Each structure stands twice: as structure tokens, then as C-alpha cells.
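Q: One structure, pasted below without further comment.
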Amino acid sequence: MKEKRGKGERGALARGGGFLSPFFKPAPASTTPFGEHSFLVQRVPLEQLCLRIKILDLFAEQLLESVFSRLIEPPAEGSLDAARQRPPDPGAECRKKSAPPWATTFSRPPATCASQKSCCSGAISAAFTPHYHGAIPALFLKPLCKPRLPTDFPSALPKMIKKVSPWDKREEASEKKLAFTVANSDHLALLQAYKGWCCAAKNGNQAGFLYCRENFLSWRSLQEIASLKRQFAELLSDIGFIKEGLRARVIERLSSKGTDGVLEATGPEANLNSENIRLMSAMLCAALYPNVVQVRAPQGNYKMTSKGAMKMQPKANELRFLTKNDGYVHVHPSSVNYTVRHYDSPYLVYHEKVKTSRVFIRDCSMVSVYPLVLFGGGQVNVELHKGEFVISLDDGWIRFAAASHQVAELVKELRWELDQLLEDKIRNPSMDLCSCPRGSRIIRMIVHLITTQ
């Protein structure tokens, strides 16, 4: 008997040329659309599987419901509906028999749909920086090679610190983690940790090791981030979103002390907005939508001072975090936002929900309303409500007032133009967005809107 021969065959056994699939109810292979490999379907993200089905000629004239109903253990109807709402927001397109134009690109391994939309949006916005590339899009990457890190990488920073911090120094490790905080974001905190390591490594490996030791970080984990960056650069080069012909091994040879080689390989044109923190936060909407929570503060309390009554900030444990479908949740204690008392924006995006004593959200980041509209999913609507023009998203669950009807319509039009630009780039990978008058104008307007909001 030979045990599993790879991650994709986990749970299966091979004996004398036979193949045993771990199913509870038997079914002839001829009755299932994927034959004897049906069990592998359950190991693929459902939103990515939907897109891959649509691009196959075998299922070109069939609805998704029809294909999935023939599986031995079909996904729940609610799960299929949820997969349609996730980025890159297949939505109504996946209900049709024909595949949307971007299906081939976003269904390609090794990256999830969310990570590829996030990276593509960053690439066309000239925010494809080496730091941003590694610390944000790589969070959602399924590595090409078997990593030493867990593939569930968005929680990397808390796990890094926890992994190498002694029990008697947990408080000190938490303080070091909070020192990386920027823009109320767990993901950007990881970015800061990675950038700090790169700066330290410029003075030699010994300085890099010392930086990791002082900040309770895993040196091997940070090396893995650099490796994932190079792999993602190769993937985006293959689909035409950055310079053609890039290979991870070649990029690694370009790296020098304190760098991972991605900046040198991609060039300055892909990194014009390399230090734009607000734009980096906006890209998270492309990757994490519809994982959004509303931040709700309690009714204001006031304190009398010599200058009159002043509104007091609520305590961190008085804030409430509401999800659309699962009610109220709590920020996980490992998050940099756990003790935050005030958010400039009432929305957070998160990577996952976990349930222990309560339901927690892990790895969350604050985002503004315009990035949600521009890089999220769902239909954008503009309506007049009590004398104000309101932009709504996701059946009205996300809504905010615009300064005027003209601004509201402009934001809606920008969203449509951005979607069209992404589709045009996918249809024609050789299109140069820097020299394209329409494309460059749209990108400049979006970057300006997000940066100055």
C-alpha cells in the first residue's frame, strides 16, 4: 500500500493500481461530471471552480447548478450563491451559460480569484510595488511550490510573532506587533514588518537576524514572503499585467542585500504609487470583498469641561461590529485593531471568521467607502434619500451620502470604466495602460479620488 502522493491526493490511497476515493455513498464514475476525480473538487475554492467550469467546452452549454447537481456530494445552494458574490464578482455572469471574458485569467492556478483581482487592480493602478506585492497580494497566494508556511497566509503576522515569542515575553511581543500598525490594518502591519526586515538586511544577514529576534519575527517566514513575491511576479508576467518574460529564478538573481529583486525586475513604471498607503488599503477591497463589517459606536457620552460639553470616545469593548449575514462579531485579540477606540471609516474588511467562545474576525483592515465602491463587487446604485444623494452597494447594506448628484454619478461611472478597463486588458494583454490615453486618465482619476478622500 502506498500512502498519499501529494497535497491534491490527501485522503486517498493507491493499492495495486486501484484508486480509493473517500466517499460515503457510491456512484458510478460515468454519472459524475468529473469521473473518479470528483473528490478533488472539494479541495478547490468554490468561486474559482465556478470560473474553471465556465471556460471548459464540456460544460459550455450547461448552467452551474446543473453541473454541480451531478456531483456525488454537491455544494449547498447557499454556498454556490455566496461563491458568485465573491471577487472577482462573477455575479450574474456565472449564472449565464457563457463564460465572462476574465474567467480564463482569474481561474488560473496557483492564485485564488481574490488574490488575482487584487494584484491585477494593483498592477493597472501602478501600485505594484515590491513591498506591496509581497505583503498584500501574497497574503492570498497559493504557492507554486510547497511552502514552509501555512498556505492560509493572511494571518501570517500574528502567527509569526506567536511562533517565536517565549511565553514570558508575550506582552513585549504584542507591543512590538502594535509598533508596526499603520492605517488600522493587520495586513499593512505585515507590510511594515517586511519593509523593516528588508532595510535591516541591507546591512547583512546578521542584521536581518537581529531585527527578527528583536521584533519576535520568523526569519524563515519573511524569506518565504520574498519567495512568494517572485512567484506572483512570474504569474502576472505570464498574463501580461507586468513586464513580459519574468521568471522567479531570474528575479531572485536580480536581488541584492535587503531586496527581493521584484522592484529591479518590474521597473519604475509599475511602482509609481509605491508609497501610497491609502491606495494599498483600497486594493484589499478587491481581495476581501464581500467580507465587510460595519463599525457601530454606542450613543455618544459627553463630559463637561471648562470649554463646555465634549464628546467622549467610546471604549474599545463598547464598539460593535456587524456583518451582513451573521450578525455581530468581535475583533480577534491577535489583531492590531483589538484595542482601537475610534475608526475614521465605519467599514472594515477581514479575511476570515473563527468561532471559539465567540465569533471573531481575524486579520482585518479599515477601508474607506470609495474603495469599497470601486474595487468591491455588486451593483452600484444612486438614489435620492431625504434630500441627499446616496450611493449604495450590496443591496443597500453599504451606503453613504455623496456631496452632490454629480459626484455620485461620477463614482458610479468610474466603477464601470474600471471594470471595462480590466476586461480590455485581459482581452488584450499587450495593451499598454501607461500610453493608452483613456486608461491612463481613468487610473489617474481613481488614484486621485482615493488619495484625497
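Q: Filter the stretch 420-437 for residues that are surrounded by 15 or more Cβ atoms within 10 Å (Cβ to Cβ) and either under 29 Å from F389 (Cα atoms) or in contact with a strand residue (DSSP E or B) (Cβ under 9 Å, 6 or more places away or on another chain) (or both) and give the result.
A: If the condition is that a residue be surrounded by 15 or more Cβ atoms within 10 Å (Cβ to Cβ) and either under 29 Å from F389 (Cα atoms) or in contact with a strand residue (DSSP E or B) (Cβ under 9 Å, 6 or more places away or on another chain) (or both), then L421, L422 are the ones that fit.
Q: Considering the stretch 308-318 alone, what residues qualify as being closer than 18 Å to P333 by Cα and open to solvent by 100 Å² or more (accessible area, probe 1.4 Å)?
A: Listed by number, the residues that qualify are K315, N317.
Q: Pick out, from the stretch 363-416, the strands (runs of 3 or more DSSP E) lying fully within it that include 1 or more residues that are under 24 Å from S185 (Cα atoms) and open to solvent by less than 10 Å² (accessible area, probe 1.4 Å). Before the answer, list the steps.
A: Values: elements: 380-385, 388-393, 398-401.
Output list reads 388-393, 398-401.
Q: If D395 satisfies every condition in (1) free of Cβ contacts under 8 Å to residues at least 24 places away in the same chain; (2) over 26 Å from R320 (Cα atoms) but one, which is the exception?
A: (2) is the only condition that D395 fails.
Q: Which helices (runs of 4 or more DSSP H) does the stretch 210-307 wholly contain that include 3 or more residues that are under 24 Å from the mean Cα position of the chain (by Cα) and crowded, with 21+ Cβ neighbours inside 10 Å? Outline the logic, then answer.
A: Numbers: elements: 219-238, 248-254, 262-266, 277-288.
Here the list reads 219-238, 262-266, 277-288.
Q: Here are the criteria: (1) of a type in the set (S, T, Y); (2) free of Cβ contacts under 8 Å to residues at least 40 places away in the same chain; (3) surrounded by 19 or more Cβ atoms within 10 Å (Cβ to Cβ). Tell me which single one T356 does not satisfy.
A: (3)
Q: Separate question: Would you mention how many residues in the stretch 168-200 are closer than 16 Å to L284 by Cα and open to solvent by less than 20 Å² (accessible area, probe 1.4 Å)?
A: Qualifying residue count for the region: 7.
Q: Still on this structure: Does T323 qualify as being of a type in the set (V, I, T) and under 17 Å from V367 (Cα atoms)? Spell out how you get there, then give the answer.
A: Details: of a type in the set (V, I, T): yes; under 17 Å from V367 (Cα atoms): yes.
So T323 passes the test.
The values are calculated or read from the model by the stated rules, or taken from the named source; none is laboratory data. Keep in mind the model is a prediction, meaning the values are calculated, not measured. So basically every Cβ, Gly included, is an ideal-geometry build from the backbone, and we count neighbours across all protein chains shown. These accessible areas exclude ligands, DNA and RNA; they are computed on the full protein's heavy atoms, side chains included. Shrake-Rupley method; radii C 1.70, N 1.55, O 1.52, S 1.80 Å.
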